[in-house]
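Heads up: the structure comes next, in C-alpha cells.
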Amino acid sequence: MESSILSWLIFLPVIGIVFVLAAPGRYARSITWLFTFAVFLLSCTLFDPFLRSWAFDGPYGTNMHFEQIVEWINVGGFHINWHVGIDGISFPLIILTTLITWLSAWASWGFDKWKINRSPKGYFALFLLLETGVLGTFAALDFFLFYIFWEVMLLPMYFLIGVWGGPRKEYAAIKFFLYTLAGSVLMLIALLAMYFASADVTGTGTFSLIEYATHPEIAKEFNNPARLFLGWPFAKVMFVMLFIGFMIKVPIFPFHTWLPDAHVEAPTPISMILAGILLKLGAYGFLRVCYPIFPSAAVWAAYFLAVLGLVNIIYGALCCLAQSDFKRLVAYSSISHMGYVLLGIAVMTTVGFQGAMFQILAHGISSPMCFFLVGVIYDRAHHRDINRFGGLWLSMPRYGSLATLGFFASLGLPGLCGFIGEIWVLLGTFSAPWPWAKPVAVIAAFGVVLTAGYILWMIQRVYLGKLRKEYASYPDATARETAILIPMAALAIFMGILPSYTFDLMNGTLADVLDVLQPAITAAQDVVIAMGG
Amino acid sequence: MWMPTGDELSMLGPHWALVGTIVAILIGAIIAGRNWRVAGTIAMVGGLLTAGLCALGWKGLGTNWAGMAGGAGGVPMLVADQFSYFFIFLISIFLVLIAGMWFLGQDARLPEKLARKRDATEFYVLLVGSAFGMALMVSTTNLLMIIIAVEMTSLPSYALAGFRKKHRLATEASLKYILFGAVTSAIMIYGASLLYGQYHSLDIVVIGRAIVEQLTIGTTEAGGAILNAPTVLMSVSIVAFMIGAMFKVSAVPFHFWCPDVFEGASIEITTWLSVASKAAGLGLLLRVVAVLAAQLGDGAEQTLNWVRLAVAVMAALTCTLGNFSAYRQTNMKRLFAFSSIAHAGYMLMAVAIILPTGGAASGAAHPAFSAIVLYITVYLLMNLGVFGCIAMVYWATGREDIGAFNGLIRRSPVIAVMMVAFLFSLVGMPPLGGFIAKFWLLAALFDSGPIGILLVIVAVANTLFSLYYYARVAFAMCFSDDGQPAIRVPFLGQAAATVCALAILLIGTLWAGNIKTFSDERSSNLYAVTKQAEQPVEEAVKTAELDFRE
Amino acid sequence: MPDGGSLVIGLLLFMVAGVAIALGALILGRVVRRRLPHPEKDATYECGEPTIGTCFPQFDLRFYVVALVFLIFDIEIALFYPWAVVYKEGGVAALWDMLFFFSVIVVGFLYLWRFGYLNWVRATPKD
C-alpha cells in the first residue's frame, strides 16, 4: 500500500518550524501546540490497518503499512531510497511519540515563566525539529535514512539541553552529544560494512533494513561465520557495533552516565521527551536492526545481553535508593526500567519480546508522567531535594493523587501499565530455553522489590507525612497540568487493565521477528542439548 | 621547432584568462591609479571568466582530454581534462568569493584600513598569481612544470601571508611560511632530480613506464607483467617528490606553518589558503599517484605499497593531530587552521587508496577522485562560511578570539545560526553537506580493502574527537552570553552566509545524489588513467633528448 | 640498480665521508698550524680593503627595489638571446611569441614607473 501519509507526518513539524520562525515569538508556543496536536491527530489515522485481522499476515517485512519508496540517491551503484513504512514495532512507538511530544509541547506552555526564557522561537523550532527526527527514525526502513534521522535528533537535543537547561547544562549537553555521537559513528561503520557486504552478494547492494533481514542470500551471507570483517566474524562485529550504538541511547550500563546528567539539567518537557521517546529509539534499534539482521550473533550474545539487562535493573534501582535529587531518582529509575526491556529482548522468547515491547510503551507513558510530576513541584519549590519535601498530598490533593498513580505505574503495581511489562519480561525470561535463564529471572525479580522500595520510600518522603509549612500554600495542579497528566494516567490504567488491546497492535510483528530468529535459536539449543544441557 | 596549435592554445583558455587577469589588473592600476574598486572588479570578472571557460571546457571535452606541447612519447606539458578544469573552476570561483570578502571588509573600522585600500592592486595581483600557480599545479604531469607551479603558488602566498605590513604576527607568519616552503621545495626538487636521474625523463607518465621496464622480470600467462620488488631509491624519490604537495596540503609533519600563517595572515588570505592551497595540493598529489598507478597497472599495488603506506599513515596522523591540537586553541583562526589540517587528513586518505585502480583503464570514475572532488566542493562552502563568519565578527569587534563569539546568537542571530550550520557540517552531521561528503569519502575508502577500512575507523573516530572543539564554538555562541553588545554585520555578508548554509543543507538532502553525479563526471576519464603506454621508454627518452638538443 | 640494503649503506657512507672530510680539514688545520693571533688576521677579508663598520648594516630598501627592477631586464635579456639565435626558424609566430612576452614584462615595468618605484627620491606612504 503506497501512501505518503508518513512523509506528511514526518515533515509536518518542519512546516511548523517555518510558522514558528515567521510569527512573533509570543505565538511560538501556540503554533507548536497546534502542530504537535495536528501531528498527533494525523498519527491516529494510522490505527486503521492495525486493528484489522489481516494486519500482520505474512512473514517479517512483507506487512509494512503506509509504505512509501521514493528514489533519493541513485549514483554509482548506490541506491538510497526515501523508504518509510510502519509495522507492529514502529507503529505503537509513533503514536507514543506524537502523544508525548504534544503533551510536552503543552508542558512547555509556561515557557515565559522559566528562569531562562529567552528566544521562544528557537526553543519551539528545535522542539519541532526534534519531533521530525524521532518520527523519521521510527518510520525509516532504509538504513541510510535511519542514520540521517538518528543524527538529526542530536542537534536539537544538544541545544535544548544546552541553552534552556539547568546550572550544569553545558556539561550535560556536550556529554549527551559525545556519547550519542560515539554510538552513531559505530553505526556508520556498520552501515558501510553492511552495504558493501550486501553488494558482494547481490551485486548492487542495498540499504534496506527489511532486505537485510529477509533477502535469503543477504541474510545468509551476513550470518556466514566464514565472512570476516578485519579478521573477526562479520555478524558478531556488526552486531556488537550496532548494539553499542543503540545501547548508548537506551542507555545500558556502562554507557548510561550521560542520562542522569542530561535529565537533571534538561527542562521538564525535554526530560519528558528524552525519557519517554528518545530512550525508546535504542530499544527500537535492537528490534529493527540488530536482531532480525544478525540472528546468529544475537544468539551468541544472548547471555551477555541478559546479564547487562540484569545489571541495569539492579544497578539502576540501587542508584535510585541513593538519590536525594527527585529528578535524578526518576532518571535512574528509567535506567532500571530499560533494563527489563533489554532482558526481555535478550532471551528471545515470544513472551519476553512482548514484555519488552510492552515495557517500552509502559515506560514511555509512565516516565514522562513522572518527569512532569517532578516538574510541577519544581516549578513551585524551585528545588528538587526529596528530603526537604513532605506532606505535599495535603496541600495539593489532586496533584498528589495523580502523582501516586504515576509513580505506582512506574513501580509496576498490578492494574497499571508497568506491571504487565515487567511480569511479562520475567515470565518470558523464566520460560526461556537457555540454561542461564532461570537464575537471571530470579535475580531480575528481585529488582521489582528494589523498585517498590525506592518508589514507596520516595512517596513517603515527598507526599506523605506531616505537611511542612513552606509548602502549605502551594496551589494544587492547575487545569493545564491536570489536562497533561490525565491522558497519561488514563493510558497507564488502560494498559494495565486491558493490556490485550496494546498487545494486539504489535504481537503479530514480534512473532514475525521471532520467526526470523528461530533457526538460529534452534541451532543454538541443539548445541546446548548436544552438550548435555 | 615546436609551435602550439590554435586548439592547444584554446584548450588553455582558463590559464590564459588567469594570466590576462593579472595583466589587466596592472593595466587598470596604471590607468586608474591605486583604486581598490577597479582592481577588485577586474579580479572578480577575471575569476568569473576563468570559471566560465572551465565550465565550457568540461562540456566541450566530454570524455576526451587535451594536451599541450606534446613532447617526449606524446606526453604533453599541460593537460586539460575534466579533473583539471574542475579544480581550476573551483579555484577561480573561490578567487571571486575571496575578492568579494575583501570588498565586504573594506568598510570595517580596522587599524589596517588605509593600507588595505592603498595596496589592493598588489593584493589582487598576488592572489591571482597564486591562483594561476594552482591552475598549473592541477594540470600537469611534468616534473619541472610541477615544481614551477608549486613555486608560482608559493611565492605570492608568502607575500600574501605577510600582507599586513607592520603587523608582528603577519611578519612572523610570512617568514615561517617562506622557511618551511623553501625546505619542502628543496626536498621536492631533490626527489625530482632523483627521479630524473634514474629514469631519464621529466614526465611522470614516462617515468611510470620506465619503472615498469626496470622492474619487469617476466610475464604472466595472461600477458601481464610480473614485477620485481621496488627499489628503495624509487620509493624514496617518489615520496620526497610528493612532499612538496604535502606541504601545500599541510599534511603532518609538514603542517607547522599552517596555524601560524593562518593566525598572522589577514582573514581573507587565511580563507584562501585554507581551501585553495589544499585543493591544488590534493589535485597534484592525486594526479601524480594516479599516473604512476595507471602505468604500473596490476603491479601498482605491490610496487607502490610503500608509498601508499606512507600516505595512509600521514593521512591518519594528519587528521588525528589536527583534531587534538585544535582542542586548546582560543584564537579562532588558529582553531580553524587545525580544523583545516584535520580535513586535509580526511582528504589525504583518499590519496592513500587510489592505487588499486579497479577499472581505471576503462575510464570509469575513480571513487577516490570522485570523493575528493565532492569533499573539496563541500569543504569550500563550509570553510568559506566559517571564515566568513569569523571575518564578520572580526570586522565588527576587532577580535579573533573565541570570547568575541560569546552570546553571538543574541548579538547577531543570523550569523550565529549559519555558523552553527557550518560547524556541524564540518563535524559531519547529517542532514548537512559535510556528512554527504564524508559519507562518499568513507564509502570509497571502505570499498578499497583493509587499509581503507582501517582508515575509515580512524576517520570516524576523528569525527568524534572533532565534535568537542566545534561544539565549543557553538557553545560560546549559544550558551555563554557575557553581555557584549550586539554587532552590526554587512547585509551582503549575512546573505552570503545564508546562501552558503542553504547550499550545504541542500547538498546534504536533495542534491546528495546530484553532487555525486557531478563529481563522478568531473573525475571520469582522467587523462592519466587513460594514458597507457603508447611508446616504449627508450624511444620516448630519445625523443625527449632530441627535442632538447633542437 | 643497487638493492635497498646496499643503497642505505652507500648513503650512510656518503654522509659519513662528507662530514669526515669537512671535519678532518678543520681539525687537521687546527693541529698543524701555528697560533699567532693578530687583529688583522681576525678581520673579515675584503680583497685587501680595510673594512668599515659592522657587517650587519641596514641597506637602504631602495637598493632592493632597484635589484628587483633589474631582474625584469635580466630575464628579458636571458630569453631574448636564444630567441634571436633561432629566430629564422620560428618565423612570424616567434615574433608574436616574443612580443606577447615582452608586452607582459612592459606592463610590469609601466606599473613600477607609474607608482614611482623608479624614482630614487620619493615620498614614503604613511600607514
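Take the conditions facing another protein chain (nearest Cβ under 10 Å), modelled with pLDDT of 90 or more and in a helix (DSSP H, G or I) and apply them to B:Ala444. Does it pass? Explain how you work it out, then say what you get.
On the way: facing another protein chain (nearest Cβ under 10 Å): yes; modelled with pLDDT of 90 or more: no; in a helix (DSSP H, G or I): yes.
No; evaluated as a whole, the condition is false for this residue.
So which of C:Leu36, C:Leu110, C:Leu95 ends up being modelled with pLDDT of 80 or more, surrounded by 10 or more Cβ atoms within 10 Å (Cβ to Cβ) and more than 10 Å from chain B (Cβ to nearest Cβ)?
Values: C:Leu36 fails: surrounded by 10 or more Cβ atoms within 10 Å (Cβ to Cβ); C:Leu110 fails: more than 10 Å from chain B (Cβ to nearest Cβ).
Just one listed residue meets the conditions, C:Leu95.
Can you tell me how many residues in the stretch A:132-145 are assigned to a helix (DSSP H, G or I) and away from chain B (no Cβ under 11 Å)?
Selection size over the stretch A:132-145: 6.
Can you tell me which residue among B:Phe424, B:Phe475 is within 10 Å of chain A (Cβ to nearest Cβ), under 30 Å from A:Gly205 (Cβ atoms) and of a type in the set (Phe, Trp, Tyr)? Break it down into steps so the answer makes sense when it comes.
Details: B:Phe475 fails: under 30 Å from A:Gly205 (Cβ atoms).
Result of the check over B:Phe424, B:Phe475: B:Phe424.
Any idea which residue in the stretch B:24-51 is nearest to B:Met101 (Cα to Cα), counting only those that are surrounded by fewer than 18 Cβ atoms within 10 Å (Cβ to Cβ) and within 11 Å of another protein chain (Cβ to nearest Cβ)?
Residues of the stretch B:24-51 that are surrounded by fewer than 18 Cβ atoms within 10 Å (Cβ to Cβ), as a first pass: B:27, B:30-35, B:37, B:41, B:45, B:48.
Of the ones still in play, those that are also within 11 Å of another protein chain (Cβ to nearest Cβ) are B:27, B:30-34.
Working: B:Ile27: 23, B:Ile30: 24, B:Ile31: 25, B:Ala32: 22, B:Gly33: 22, B:Arg34: 19 Å.
Ranking the candidates gives B:Arg34 first.
So, in the stretch A:373-385, exactly how many residues are in contact with an Asp or Glu (Cβ under 8 Å, 6 or more places away or on another chain) and crowded, with 19+ Cβ neighbours inside 10 Å?
So the answer is 2.
Please determine, by comparing only the residues of the stretch B:447-459 that are within 25 Å of A:Leu178 (Cα to Cα), surrounded by fewer than 22 Cβ atoms within 10 Å (Cβ to Cβ) and at the interface with chain A (Cβ under 7 Å from one of its Cβ atoms), which one is modelled with the highest pLDDT.
The extreme case among them is B:Ile457.
Answer yes or no as to whether A:Pro260 is surrounded by fewer than 22 Cβ atoms within 10 Å (Cβ to Cβ) and either over 27 Å from A:Phe78 (Cβ atoms) or hydroxyl-bearing (Ser, Thr, Tyr) (or both). Give the derivation first.
Numbers: surrounded by fewer than 22 Cβ atoms within 10 Å (Cβ to Cβ): no; either over 27 Å from A:Phe78 (Cβ atoms) or hydroxyl-bearing (Ser, Thr, Tyr) (or both): yes.
Answer is no for this residue.
What pairs come up if the first residue lies in the stretch B:460-471 and is closer than 11 Å to B:Tyr327 by Cβ, the second is outside any helix (DSSP H, G or I) and not small (Gly, Ala, Ser), and their beta carbons are under 7 Å apart, counting only those six or more places apart or on different chains?
Final answer for the pair search is B:Tyr468/B:Tyr327; B:Tyr469/B:Tyr327.
What number of residues within the stretch B:378-411 satisfy the criterion of being among the hydroxyl-bearing types (Ser, Thr, Tyr) and buried (at least 24 other Cβ atoms within 10 Å of the Cβ)? Please lay out each step first, then the result.
In the first step, residues of the stretch B:378-411 are kept if they are among the hydroxyl-bearing types (Ser, Thr, Tyr); the result is B:379, B:394, B:397.
After this cut, where a residue has to be buried (at least 24 other Cβ atoms within 10 Å of the Cβ) as well, the list is B:379.
Within the stretch B:378-411, residues that are among the hydroxyl-bearing types (Ser, Thr, Tyr) and buried (at least 24 other Cβ atoms within 10 Å of the Cβ) number 1.
Looking only at the stretch B:184-235, which residues are buried (at least 21 other Cβ atoms within 10 Å of the Cβ), outside any helix (DSSP H, G or I) and charged (D, E, K, R)?
Correct list: B:Asp203 only.
Can you find a residue that is of a type outside the set (S, T, N, Q), away from chain B (no Cβ under 14 Å) and surrounded by 10 or more Cβ atoms within 10 Å (Cβ to Cβ) anywhere in the stretch C:44-59?
Quick first cut of the stretch C:44-59, residues of a type outside the set (S, T, N, Q) only: C:45-50, C:52-53, C:55-57, C:59.
With away from chain B (no Cβ under 14 Å) added as a condition, the list becomes C:45-50, C:52-53, C:55-57, C:59.
Pick out the ones that are also surrounded by 10 or more Cβ atoms within 10 Å (Cβ to Cβ) and you get C:46.
Yes: the stretch C:44-59 contains one or more residues that are of a type outside the set (S, T, N, Q), away from chain B (no Cβ under 14 Å) and surrounded by 10 or more Cβ atoms within 10 Å (Cβ to Cβ).
Sort out which residues of the stretch A:51-80 are in a strand (DSSP E or B) and within 25 Å of the chain's Cα centre (by Cα), and write them in order of number. Can you show your working first?
First pass over the stretch A:51-80, keeping only residues in a strand (DSSP E or B): A:65-75, A:78-80.
Result: A:His65, A:Phe66, A:Glu67, A:Gln68.
Would you call A:Trp114 more than 14 Å from chain B (Cβ to nearest Cβ) and over 22 Å from the mean Cα position of the chain (by Cα)? Show your work before the answer.
Values: more than 14 Å from chain B (Cβ to nearest Cβ): yes; over 22 Å from the mean Cα position of the chain (by Cα): yes.
Considered against the rule, which asks whether it is more than 14 Å from chain B (Cβ to nearest Cβ) and over 22 Å from the mean Cα position of the chain (by Cα), A:Trp114 comes out as yes.
Which pairs do you get when a residue that is farther than 28 Å from A:Phe91 by Cα, found in the stretch A:10-38, comes within reach of a residue that is surrounded by fewer than 16 Cβ atoms within 10 Å (Cβ to Cβ), reach meaning Cβ atoms under 9 angstrom, with the pair 6+ apart or on two chains?
A:Ala23/A:Ser30; A:Arg26/A:Asp112; A:Ala28/A:Leu21
Limited to the stretch C:56-107, what total is found for residues that are of a type outside the set (Val, Ile, Thr), under 30 Å from C:Thr44 (Cβ atoms) and part of a helix (DSSP H, G or I)?
Residues of the stretch C:56-107 that are of a type outside the set (Val, Ile, Thr), as a first pass: C:56-64, C:67-68, C:70-71, C:73-74, C:76, C:78-84, C:87-91, C:93-103.
Adding the requirement that they be under 30 Å from C:Thr44 (Cβ atoms) leaves C:56-64, C:67-68, C:70-71, C:74.
Next, from what is left, pick out any that are part of a helix (DSSP H, G or I): C:61-64, C:67-68, C:70-71, C:74.
Qualifying residue count, the stretch C:56-107: 9.
Taking the stretch B:252-261 only, how many residues are aliphatic (A, V, I, L, M) and either without any contact (Cβ under 8 Å) to a residue 24 or more places away in the chain or part of a helix (DSSP H, G or I) (or both)?
Taking the stretch B:252-261 first, the residues aliphatic (A, V, I, L, M) are B:252, B:261.
Among the residues that remain, those that are also either without any contact (Cβ under 8 Å) to a residue 24 or more places away in the chain or part of a helix (DSSP H, G or I) (or both) are: B:261.
The number of residues fulfilling the criteria is 1.
Might you let me know whether the stretch B:130-147 holds any residue that is farther than 19 Å from B:Met77 by Cα and at pLDDT below 90? Working first, answer last.
As a first pass, look at the stretch B:130-147 and keep what is farther than 19 Å from B:Met77 by Cα: B:130.
Keeping just the survivors that are at pLDDT below 90 gives none.
Scanning the stretch B:130-147 turns up no residue that is farther than 19 Å from B:Met77 by Cα and at pLDDT below 90.
Does any residue of the stretch A:185-194 turn out to be in contact with a Lys or Arg (Cβ under 6 Å, 6 or more places away or on another chain), in a helix (DSSP H, G or I) and within 11 Å of chain B (Cβ to nearest Cβ)? Step through it out loud before you land on a result.
First, the residues of the stretch A:185-194 that are in contact with a Lys or Arg (Cβ under 6 Å, 6 or more places away or on another chain): none.
No; the residues of the stretch A:185-194 include none that is in contact with a Lys or Arg (Cβ under 6 Å, 6 or more places away or on another chain), in a helix (DSSP H, G or I) and within 11 Å of chain B (Cβ to nearest Cβ).
Of everything in the stretch A:56-83, what is aromatic (Phe, Trp, Tyr) and within 12 Å of another protein chain (Cβ to nearest Cβ)? Give them in sequence order. Write out each step before concluding.
Going residue by residue through the stretch A:56-83, those that are aromatic (Phe, Trp, Tyr) are A:56, A:60, A:66, A:72, A:78, A:82.
The answer is A:Trp72, A:Phe78, A:Trp82.
Scan the stretch A:127-148 and tell me whether some residue there is farther than 21 Å from A:Arg288 by Cβ, crowded, with 24+ Cβ neighbours inside 10 Å, of a type outside the set (Lys, Arg) and modelled with pLDDT of 90 or more. Outline the logic, then answer.
To start, the set of residues in the stretch A:127-148 that are farther than 21 Å from A:Arg288 by Cβ comprises A:127-129.
Filter once more, so that each one left must be crowded, with 24+ Cβ neighbours inside 10 Å: A:127-128.
Adding the requirement that they be of a type outside the set (Lys, Arg) leaves A:127-128.
Those left that are additionally modelled with pLDDT of 90 or more: A:127-128.
Scanning the stretch A:127-148 turns up at least one residue that is farther than 21 Å from A:Arg288 by Cβ, crowded, with 24+ Cβ neighbours inside 10 Å, of a type outside the set (Lys, Arg) and modelled with pLDDT of 90 or more.
What single numbered condition from (1) over 27 Å from A:Thr101 (Cβ atoms); (2) surrounded by fewer than 19 Cβ atoms within 10 Å (Cβ to Cβ); (3) in contact (Cβ under 8 Å) with a residue 60 or more places away in the chain; (4) more than 10 Å from every other protein chain (Cβ to nearest Cβ) fails to hold for A:Tyr171?
Looking at each condition in turn, A:Tyr171 falls short on (1).
Go through the stretch A:202-286 and tell me which helices (runs of 4 or more DSSP H), entirely inside it, have 1 or more residues that are within 14 Å of another protein chain (Cβ to nearest Cβ) and not polar (S, T, N, Q).
Working: elements: A:209-214, A:216-222, A:234-249, A:258-265, A:268-273, A:279-285.
Once the helices (runs of 4 or more DSSP H) in the stretch A:202-286 are filtered for at least 1 residues that are within 14 Å of another protein chain (Cβ to nearest Cβ) and not polar (S, T, N, Q), what remains is A:234-249, A:258-265.
If you take the residues in the stretch B:18-64 that are part of a helix (DSSP H, G or I) and of a type in the set (Lys, Arg), which one is farthest from B:Ala120 (Cα to Cα)?
Pass one, the stretch B:18-64, residues part of a helix (DSSP H, G or I): B:18-32, B:36-61.
Pick out the ones that are also of a type in the set (Lys, Arg) and you get B:37, B:59.
On the way: B:Arg37: 8, B:Lys59: 35 Å.
Only one residue fits best here, namely B:Lys59.
I need the full set of residues from the stretch B:236-251 which are in a helix (DSSP H, G or I) and either closer than 15 Å to B:Ile204 by Cβ or touching a Lys or Arg at 6+ places or on another chain (Cβ under 8 Å) (or both), in order please.
Keep residues of the stretch B:236-251 that are in a helix (DSSP H, G or I), which gives B:236-249.
B:Ser237, B:Ile238, B:Val239, B:Ala240, B:Phe241, B:Met242, B:Gly244, B:Ala245, B:Lys248, B:Val249 - these are the residues of the stretch B:236-251 that are in a helix (DSSP H, G or I) and either closer than 15 Å to B:Ile204 by Cβ or touching a Lys or Arg at 6+ places or on another chain (Cβ under 8 Å) (or both).
The values are calculated or read from the model by the stated rules, or taken from the named source; none is laboratory data. Bear in mind the structure is a predicted one, so any value in this text is a computation, not a measurement. Glycine also receives a Cβ, built like all others from the backbone with ideal geometry; neighbour counts cover every protein chain displayed.
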